[in-house]
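What follows is a single structure, written as C-alpha cells, with notes after it.
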Amino acid sequence: MEIYFILVILILGLILTGAFFPTWTPGIKGKNSVRVYEQVSINGAKHQLMIRGVDKNNPILVFVHGGPGCSEIPYVRKYQDILEQKFTIVHYDQRGTGKSYHFFEDYSNLSPELLTDDLIALTRYIRKRFGKDKVLLAGHSFGSYVGMLAAAKAPENYIAYIGIGQVSNFNESETDSLNYCIEEANKAGNKDDIANLEKIRSQVEKGDSFVPRNYIQKYGGGSRLIDEDGLYKGYRTNREYNLLDRVRLNLGVKKSEVMIGDLLQNSLPSLVKKLEIPCYFHMGQYDYKTSSKAAKNYFDSITSPEKEFILYSESAHYPQFEEKEKFAEWLIKKFSN
C-alpha cells in the first residue's frame, strides 16, 4: 500500500512540476541583441510577447498567428533563425490564446474587430518601445484576416503588409478545398471520405461551413515539406510553454470558436478592398486551408501602391516554414537595412 501512495505522490509531483515549470525563450548572441518573453497589458488585456533579434536596431517585423486561437510561439523559433539576423521579430499570443488566456476571464466578446484593435494597440506599444516610426506586419492564416483589417484601419503604423496563407473569400476557398479533397480521395480510392465530404457540399458551397481540417491535412493541403503534427509537438517540448500553458491553449481554442460565425458571415474581400501601404501575398501552391487560387483572385482585386503575389511551388499552408530560406531571402532583400 505504501508503494502505491509513493507512486501517487511522485505522479502528482511530476504533474505540478510540469504545470508550473518556468518558461522562457533562449538567449541570442550579439552585443545589441534583444530577447523578450513577458506579459504586457495591451488594450485592457494581458498579452504574452516574444521578441527576438540579433540587433534591436534592425527593422521590426510583427507576426500575427493563425487559428483562431493557435499560438505559434512554442514552435516558431527554428523557422525564423535566418530572419533574426536581419530583423527584430515580434510574436504575441492573441487575446484568449495560449499564455494570453487567463482563467475566469470572460471571452464571450471575442471578435476579429477586437483582435484588430489589440493588434493596432500592440503595434503602437512596440513602436514606442523600440523608437520606430513604423514596423512590418505579417499575418498567417486567420492572422492574415486580422492583419488585413489592421493594415486597412491604421496604415500609418506599417511599412507594408505581408499575408502568408492569406485568407480570402471563404466560400470560394472552402469550395476549392472541398473539391481538392474529393479529387485526392478519389485517387486514393477512399470511398468513405468521398461520401462524408459530399454530405457537406451544400453547406460549404453556401458558405455555412468549413471543410474539416483533418481531411485537408490528410491529403496534403496543410503541409508538404514539414510534418504539421510535428509543429504542435512544440507545445509539449519547447521552453516557451509548460503544461498549464497547454491547458490554457486548449481552453482558448474553444473560446475562440465564437468568432467562426463572424468569419463566415464577413468575408475579407467585402471588408478590405484597398490598402494605402504595399501589399504582398506569400502562398503555397498546395495550400487548401486557404486556397491559393482564391487568394490570387482576392489579390488581383486589391488596390495598393505596390503589390506582389509570391507563389511557393513546393509548399502548402506554411511557406514561411516549408521554404523558409526562400521566404527569408525575399524578406531580407526587400526590407533589410
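Coordinate-derived values only; no laboratory data. As the structure is a prediction and not an experimental result, all values here were calculated from the model. Neighbour counts run over all protein chains shown; Cβ positions are idealised from the backbone, glycine included.
Go through (1) assigned to a helix (DSSP H, G or I); (2) farther than 30 Å from LYS31 by Cβ; (3) more than 15 Å from the chain's Cα centre (by Cα) for GLU84 and report which single condition fails.
Here GLU84 meets the rest and fails (2).
Restricting to the stretch 26-56, count the residues that are in contact (Cβ under 8 Å) with a residue 40 or more places away in the chain, assigned to a loop (DSSP other than H, G, I, E, B) and farther than 21 Å from PHE321 by Cβ.
2
Which condition number in (1) farther than 24 Å from ASN297 by Cβ; (2) surrounded by 21 or more Cβ atoms within 10 Å (Cβ to Cβ) is the one that TYR280 fails?
Failing condition for TYR280: (1).
Looking only at residues that are under 19 Å from the mean Cα position of the chain (by Cα) and without any contact (Cβ under 8 Å) to a residue 40 or more places away in the chain in the stretch 262-302, which one is farthest from GLU156 (Cα to Cα)?
So, considering only residues that are under 19 Å from the mean Cα position of the chain (by Cα) and without any contact (Cβ under 8 Å) to a residue 40 or more places away in the chain, the one farthest from GLU156 (Cα to Cα) is GLN285.
Where residues in the stretch 95-108 are in contact with a Phe, Trp or Tyr (Cβ under 9 Å, 6 or more places away or on another chain) and assigned to a loop (DSSP other than H, G, I, E, B), which of them is surrounded by the fewest Cβ atoms within 10 Å (Cβ to Cβ)?
So, considering only residues that are in contact with a Phe, Trp or Tyr (Cβ under 9 Å, 6 or more places away or on another chain) and assigned to a loop (DSSP other than H, G, I, E, B), the one surrounded by the fewest Cβ atoms within 10 Å (Cβ to Cβ) is TYR107.
Which pairs have Cβ atoms under 9 Å, sit 6 or more apart or on different chains, and link a residue in the stretch 184-203 that is within 18 Å of GLY220 (Cα to Cα) to one that is basic (Lys, Arg)?
GLU184/LYS218; ALA185/LYS191; ALA185/LYS218; ASN190/LYS218; ASP193/LYS218
Would you be able to tell me the number of residues in the stretch 111-157 that are at positive phi and not polar (S, T, N, Q)?
Matching residues across the stretch 111-157 total 1.
Restricting attention to the stretch 37-80, and to residues there that are among the aromatic types (Phe, Trp, Tyr) and more than 26 Å from PHE104 (Cβ to Cβ), which single residue is farthest from the chain's Cα centre (by Cα)?
Only one residue tops the list, namely TYR79.
Is it true that some residue in the stretch 219-234 is more than 18 Å from the chain's Cα centre (by Cα) and either of a type in the set (S, T, N, Q) or part of a helix (DSSP H, G or I) (or both)?
No, every residue in the stretch 219-234 fails to be more than 18 Å from the chain's Cα centre (by Cα) and either of a type in the set (S, T, N, Q) or part of a helix (DSSP H, G or I) (or both).
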